[in-house]
1. Just to be sure I understand, how many residues within segment A:97-145 are under 19 Å from A:GLY45 (Cα atoms) and among the hydrophobic types (A, V, I, L, M, F, W, C)?
2. Search segment A:6-27 for residues being modelled with pLDDT of 95 or more and more than 22 Å from A:LYS107 (Cα to Cα), and hand back the single one that is surrounded by the most Cβ atoms within 10 Å (Cβ to Cβ).
3. Identify the residue in segment A:106-120 that is away from DNA strand C (no atom under 11 Å from the Cβ) and part of a strand (DSSP E or B) and, among all such residues, is surrounded by the fewest Cβ atoms within 10 Å (Cβ to Cβ).
4. I'm told A:ARG39 meets every condition in (1) assigned to a strand (DSSP E or B); (2) surrounded by 16 or more Cβ atoms within 10 Å (Cβ to Cβ) except one. Can you identify the failing condition by its number?
5. Could you grab the pairs with beta carbons closer than 8 Å, sequence gap of 6+ or different chains, first residue in segment A:127-138 and without any contact (Cβ under 8 Å) to a residue 12 or more places away in the chain, second one more than 12 Å from DNA strand B (Cβ to nearest atom) and basic (Lys, Arg)?
6. Check A:TYR32, A:TYR3 and return the single one that is touching a helix residue (DSSP H, G or I) at 6+ places or on another chain (Cβ under 7 Å) and either farther than 27 Å from A:ILE150 by Cα or at pLDDT 95 or above (or both).
7. For segment A:53-65, does any single residue satisfy the condition of being among the acidic types (Asp, Glu), more than 15 Å from A:HIS105 (Cα to Cα) and either in a loop (DSSP other than H, G, I, E, B) or without any contact (Cβ under 8 Å) to a residue 24 or more places away in the chain (or both)?
8. Filter segment A:128-143 down to residues that are open to solvent by 80 Å² or more (accessible area, probe 1.4 Å) and within 20 Å of A:ASP9 (Cβ to Cβ) and give me whichever is nearest to the chain's Cα centre (by Cα).
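The values are calculated or read from the model by the stated rules, or taken from the named source; none is laboratory data. Note that the structure is predicted; figures quoted are calculated from it, not measured. Counting neighbours? That spans all protein chains shown, and the Cβs are built from the backbone with ideal geometry, glycine included. Quick note on the areas: whole protein, heavy atoms, side chains included, nothing else; ligands and nucleic acids left out. Shrake-Rupley method; radii C 1.70, N 1.55, O 1.52, S 1.80 Å.
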Amino acid sequence: MQYWLLKTDAESYSIDDLKRDGTTPWTGVRNYQVRNYMRDQMRVGDKGFVYHSSTAEPAIVGICQVASGPIPDETALDPKDSHYDPKATPANPIWYCVEVKYVKHLKRPIPLAELRKTKGLEKMGILQKGSRFSITPVTEKEWKIINDLI
DNA sequence: GCCAACGTTGGC
DNA sequence: GCCAACGTTGGC
């Protein structure tokens, strides 16, 4: 089993939205590296941190779980969707996503600033300068360290 | 709202 | 296939 960190803009889709929906396809990713994680590496049962970006205090706020294998990202095929990609077709969807299931809120959000200060997390994708990947792998060690912060 | 970082696009 | 310009992300 692997661990992940899934970034989301709380304004557009928050952990509360995920709780309400229960399970949701993680659509809208238009970065090849991140698509490849979802298409090739994420497995049903993998766990992930849910991270809110672009808020007053960016933070890890909850835990989710991968609930499906790769499926075509429907938003790429929908001309009305803001993530529409005219090059995508049903035969060659280009963009894939996985379904993500709500597990729980953390007892308290863990702010980015705290992650930065915590020993052993220096290599986390989320902490790298200019990292733009909305999904990054988390090592088992990092997963444990963060769970111990709660 | 600013701006650094960086992936993507497109002209050549 | 290089690389400048562009657009977007996201922390501050």
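1. 8
2. By that ranking, first place goes to A:TRP26.
3. Here the answer is A:LYS107.
4. (1)
5. Between residues of segment A:127-138 that are without any contact (Cβ under 8 Å) to a residue 12 or more places away in the chain and residues that are more than 12 Å from DNA strand B (Cβ to nearest atom) and basic (Lys, Arg), there is no close pair.
6. On the way: A:TYR32 fails: touching a helix residue (DSSP H, G or I) at 6+ places or on another chain (Cβ under 7 Å).
Testing whether each residue is touching a helix residue (DSSP H, G or I) at 6+ places or on another chain (Cβ under 7 Å) and either farther than 27 Å from A:ILE150 by Cα or at pLDDT 95 or above (or both) leaves just A:TYR3.
7. The initial filter retains those residues of segment A:53-65 that are among the acidic types (Asp, Glu), namely A:57.
Cutting the leftovers down to more than 15 Å from A:HIS105 (Cα to Cα) gives us A:57.
Checking the rest, the ones that are also either in a loop (DSSP other than H, G, I, E, B) or without any contact (Cβ under 8 Å) to a residue 24 or more places away in the chain (or both) come to A:57.
Yes, segment A:53-65 has at least one match.
8. Of the residues in segment A:128-143, the ones open to solvent by 80 Å² or more (accessible area, probe 1.4 Å) are A:128-129, A:132, A:140-141.
Checking the rest, the ones that are also within 20 Å of A:ASP9 (Cβ to Cβ) come to A:128-129, A:132.
Details: A:GLN128: 16, A:LYS129: 18, A:ARG132: 12 Å.
My answer is A:ARG132.
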